[in-house]
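Step one of this worksheet: look at the structure below.
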Amino acid sequence: MALSEAQLDLRRAHVNGGAGVMVSGLAWLAAAAAFFFSGPIPAFITLFVCGLAIAPVAQLVAKFVFKAPAAGPGKKLEWIAIATVPVLLAGFFFGWLRLDAAPFAAIPMVAIGVGLRYLVFPVMYGGAVFLGLGAVFIAGGAAGLAAPESVAAPVTLGLALTELALGALLARRWRGA
């Protein structure tokens, strides 16, 4: 099977990636709420716990909300998402290491890890939209590291809203296809 056919199959099964992006946006939104109401450490914990649920919840959303078909031959490309989990874990690990000394820098470190992971998603789904999303996360993480106490919480909220909007756009395009 050609790569483009596998990508098309995966886009069908994962709502153009929109189900996962929207669920991730909700995780970031929960972290932003925790950030604003309780501070950076509860926000980091919230993001970690919610982040663990992104993949299974996104699969349930794709299946039961969007009624997306199961992945066929494109399923072989899902190994990319699995293989890049260590990048996410590295973001959380480096954030966790700095949690005591620089708690406001923890979530920006996670954002950079998420952004780096998004950079490989065009191989799974095709197109450049995930390159842009990865760049937004990396830039947001860098801004959060440059001035963590003043921008970390608003950047967390901005990343959440970016994912929610992009996820909705991806799902809308999926419905139109």
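A short reminder: the numbers here are calculations on the coordinates, not readings from a lab. Just so it is clear, the model here is predicted, and its values are computed rather than measured. Here the Cβ positions follow ideal geometry from the backbone for every residue, glycine too, while neighbour counts run over all protein chains shown.
Brief remarks on what is shown
- HN-Hα J in Hz across segment 138-150 - Karplus 6.51, -1.76, 1.60, θ = phi - 60°, x for Gly and Pro: 5, 5, x, x, 5, 5, x, 7, 5, 9, x, 6, 8
- Cα gyration tensor category, rounded, prolate or oblate, for segment 18-95 with a/c compared to 1.5: oblate
- On Cα atoms only, tilt of 106-118 relative to the major axis of the chain in degrees: 20 degrees
- Sequence-distant contacts, meaning Cα pairs under 8 Å at least 6 residues apart, place the relative contact order of the chain at 33 percent.
- A straight Cα-to-Cα reach below 13 Å connects Lys76 with the aspartates and glutamates Glu5, Asp9, residues fewer than 8 places away in its own chain not being considered.
- Where (i) -0.47, -0.70, -1.22; (ii) -0.23, -0.44, -1.18; (iii) -0.21, -0.40, -1.31 are the candidate values, the label of the one calculated here for log10 I(q)/I(0) by the Debye sum over Cα atoms at q = 0.08, 0.11, 0.19 Å⁻¹ is (ii).
- Between Ala142 and Ala55, the contour length at 0.36 nm per residue exceeds the Cα-Cα span by 28.8 nm.
- MRE, 222 nm, helices only [DSSP H, n ≥ 4, -39500 (n - 2.57), over the chain, to nearest 500]: -25000 deg cm²/dmol
- Label-point separation in nm, Lys67 to Ser4, each point 7 Å along Cα→Cβ: 3.0 nm
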